[in-house]
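*Asks:* Shown below is the structure under consideration.
The values are calculated or read from the model by the stated rules, or taken from the named source; none is laboratory data. In this text, all values refer to a predicted model and were calculated from it rather than measured experimentally. Positions of Cβ are generated from backbone atoms using ideal geometry, with glycine treated the same way; all protein chains shown enter the neighbour counts.
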Amino acid sequence: MKKSVLWPLLMVSALMAGCSFSDTPVSSSSPAPVVQPTAPAISDASVKWADKASEAYGNGNNVKAIELADKALKADKNNYIAMALKGVATAMHGHPKSGEQMIRKSLTMNPQYIPAYYNLAIALKLQKKYTESTQSFQKVLSADARNTWSYYGIATNYSELRNKDEALNYLKKAVSLGGQEVKQTAATQDHFFWLHGDPDFEAVIR
């Protein structure tokens, strides 16, 4: 079986301005976590469809990503990667509750598939379940302590809750790993608009 975690492309489009289902991709500088050896086998044909679905999602085409993920699942109903991808694409396409359910199904197939926890955090965030979203991002960080965009995601959650201290704490961690890309993202997204002009926030992003 071909091993394919699709992790870099799964971490895209997820933390855009106001969680308004924007499709602008965001890359991850963190290394890809390894799928555990106990992960269920996935057929090669299904993996190929999932790869194409991931590419479509990375390009901001959620509808195409869902269609291709469905083909992957038709080829192998146990493709937890495709199920998680379909879930986050569905969430980003405006149906976060349905997307959450798909992602949770993926995790029943393989609870060790770390990217699904990132996707789950996004689906929860889009439903304004900020505390639950943060808990899911923390699961990613427990497996990948240098995951830039999970720190950033937590920062945006705290910002939405108007917790300035924790928002800036996690934003600093994201900046330390992601540098200028994170600074530019934070400066332009409406998650942090309420902090524009705040000297502490400006010190982090400048």
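*Asks:* Return yes when ARG206 is of a type outside the set (Gly, Ala, Ser), closer than 30 Å to SER106 by Cα and surrounded by fewer than 19 Cβ atoms within 10 Å (Cβ to Cβ) and no when it is not.
*Replies:* no
*Asks:* Quick check on segment 140-155. Is at least one of its residues farther than 25 Å from ILE66 by Cα, within 13 Å of the chain's Cα centre (by Cα) and surrounded by fewer than 22 Cβ atoms within 10 Å (Cβ to Cβ)?
*Replies:* Of segment 140-155, the ones farther than 25 Å from ILE66 by Cα are 141-148, 151-152, 154-155.
Then keep just the ones that are within 13 Å of the chain's Cα centre (by Cα); that gives 141, 147-148, 151-152, 154.
Going one step further and asking which of them are surrounded by fewer than 22 Cβ atoms within 10 Å (Cβ to Cβ), we end up with 141.
Yes, segment 140-155 contains a residue that is farther than 25 Å from ILE66 by Cα, within 13 Å of the chain's Cα centre (by Cα) and surrounded by fewer than 22 Cβ atoms within 10 Å (Cβ to Cβ).
*Asks:* Take LYS71 and tell me if it is basic (Lys, Arg) and not in a helix (DSSP H, G or I).
*Replies:* Working: basic (Lys, Arg): yes; not in a helix (DSSP H, G or I): no.
The answer is no for LYS71.
Every residue, every condition in (1) in contact (Cβ under 8 Å) with a residue 60 or more places away in the chain; (2) not in a helix (DSSP H, G or I), yes or no:
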| position | (1), (2) |
| --- | --- |
| LYS86 | no, no |
| GLN101 | no, no |
| SER106 | no, no |
| PRO111 | no, yes |
| ALA116 | no, no |
| LEU120 | no, no |
| LYS125 | yes, no |
| THR134 | no, no |
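*Asks:* Since GLY18 meets every condition but one in (1) buried (at least 21 other Cβ atoms within 10 Å of the Cβ); (2) at pLDDT below 95, which condition does it not meet?
*Replies:* Unmet for GLY18, out of (1) buried (at least 21 other Cβ atoms within 10 Å of the Cβ); (2) at pLDDT below 95: (1).
Let's see how each residue does on (1) crowded, with 20+ Cβ neighbours inside 10 Å; (2) at positive phi; (3) of a type outside the set (Gly, Ala, Ser):
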position	(1), (2), (3)
SER106	yes, no, no
PRO111	no, no, yes
ALA116	yes, no, no
ASN119	yes, no, yes
ILE122	yes, no, yes
LEU126	yes, no, yes
THR134	yes, no, yes
GLN138	no, no, yes
